[in-house]
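The values are calculated or read from the model by the stated rules, or taken from the named source; none is laboratory data. The structure displayed is predicted, hence computed values, not measured ones. Neighbour counts run over all protein chains shown; Cβ positions are idealised from the backbone, glycine included.
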Amino acid sequence: MAARDTTNDRQHEAGFTLLELLVVIAILGLLAALVGPRLFNVLGGAKQSLAKQQIDNIGSALDLYKLDVGNYPTGDQGLGALAAKPSDVGNWNGPYTKTGGVPPDPWNHPWVYKNPSTRPGHDYDLCSPGPSGQGSEPGQGDTICNP
């Protein structure tokens, strides 16, 4: 009888078969298909929450501006009045933001600021056009506005 070469047998047995690899890839694909959409929903919700917090922060800066100047910035002055003194304003004690400007919304769109407000009971409208960037009016599309 011939002796078996055990080292050669071990080399053939080491590693995974193609079928085993395909099964693992299929399982990983199923997990990604199940977990991926939920993960994106959580991230989308986080950006909406951040937009609401930023609206509150900018609203606080607008309130400080009103305390000093006597009224909110006009629609023509815009949010830039929080960072740089408008030429026709007295008692300006800004800048009213820490960064010296107003950053864009979480989707990198500029904020939509209107004074006077188009909504009853509001002094101004401060809105993020949302993920699509299409909304410019409160209640339009996925726009997020000051309460």
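Summary of values
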quantity	calculated
Failed condition for residue 131, given (1) modelled with pLDDT of 90 or more; (2) of a type outside the set (D, E, K, R); (3) touching a Phe, Trp or Tyr at 6+ places or on another chain (Cβ under 7 Å)	(1)
Filter pass, residue 8 being out of contact with any helix residue (DSSP H, G or I) (no Cβ under 6 Å at 6 or more places or on another chain), at pLDDT below 65 and surrounded by 10 or more Cβ atoms within 10 Å (Cβ to Cβ)	no
Selection count where residues are farther than 15 Å from residue 67 by Cβ, in contact with a Pro (Cβ under 8 Å, 6 or more places away or on another chain) and either charged (D, E, K, R) or buried (at least 18 other Cβ atoms within 10 Å of the Cβ) (or both), scope region 79-106	2
Number of the condition not met by residue 76 [criteria: (1) assigned to a loop (DSSP other than H, G, I, E, B); (2) of a type in the set (Asp, Glu); (3) within 23 Å of residue 45 (Cα to Cα); (4) modelled with pLDDT of 85 or more]	(3)
